[in-house]
1. List the residues, sorted by chain then number, that are 5 or more residues from Y100 or on another chain and whose placed amide H is less than 5 Å from its amide H.
2. Label points 7 Å out from Cα along the Cβ direction at T50 and D147: separation in nm?
3. What fraction of the DSSP beta bridges in region 48-182 is antiparallel, stated in percent and rounded to the nearest 5?
4. Below 11 angstrom from the Cβ of W81, what's the summed charge of the other residues (Lys, Arg +1; Asp, Glu -1)?
5. Can you list the HN-Hα couplings for region 69-74, worked out from phi with the Karplus curve (6.51, -1.76, 1.60; θ = phi - 60°), rounded to whole Hz and with x for Gly and Pro?
6. What does the charge add up to near L72, with Lys and Arg as +1, Asp and Glu as -1, over the other residues with Cβ less than 11 Å from its Cβ?
7. Assuming a viscosity of 1.567 mPa s and a temperature of 4 °C, what translational diffusion coefficient in µm² per second does Stokes-Einstein assign to region 48-182, Rh being the Kirkwood radius over Cα pairs?
Amino acid sequence: MQRWVLVILSSLLLLLAGCGPAQTDSMREVEAAPLPTAEAAPPLDNCPITRPPDPPFYAPAPYSAEAPWPGLVWHGSNSLWTVIPTDGIWTGLPRNPTGYTQKIVWWREGYDWQSEPQPALTMRAERLDEPAPPVEVSDASNAFAEDMGSAIMTGISFPTLGCWQITGHYRQASLSFVVWLAP
């Protein structure tokens, strides 16, 4: 069914393109490599999704004791923490030519976004349920907002849906979690 939707949308786009301005020399078509179109099945028993910690982790002051956004919980320790979905599933991620993108925010007690504009946080990800091409990871940057405080922002592009383990390293701390990426 997904193929028919793509055919119909492509036809509609071609029809609409004929109604637009003529293409100039400064305009050029860019053809992106196709992404796999198969939808990921529900999480498998062999996908060890990271569940909310029990007992819960509460972020230290001045951060909110609980995660600032609905459907997410803190995960980690004062040395390094992030938010994870309560059900362990990321759905509806934006899709671009290299994959499915997500921003991941990291925190550390005492981190100051103004004194470290490009934090030395590194991130990696591995698909656990089957082989997959490598992910693309952005350089970490500083971030600040009233609802989240001083934080480290990263971006990641997953080439496929499925079961992924993400690991962040900052100074002497490491933190991993597993999520299921679904359409």
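1. The answer is F158, T160.
2. Each label point lies 7 Å from its Cα, and together they span 2.1 nm.
3. The antiparallel fraction comes to roughly 95 percent.
4. 0
5. In residue order, the calculated couplings are 10, x, x, 10, 10, 5 Hz.
6. With Lys, Arg at +1 and Asp, Glu at -1, the net is -2.
7. So the translational diffusion coefficient is about 85 µm²/s.
Each reported figure results from applying straightforward, stated rules to the coordinates on display, with no laboratory input. Everything quoted here is computed from the prediction, not taken from an experiment. Backbone-built Cβ (ideal geometry, glycine too); neighbour counts: all protein chains shown.
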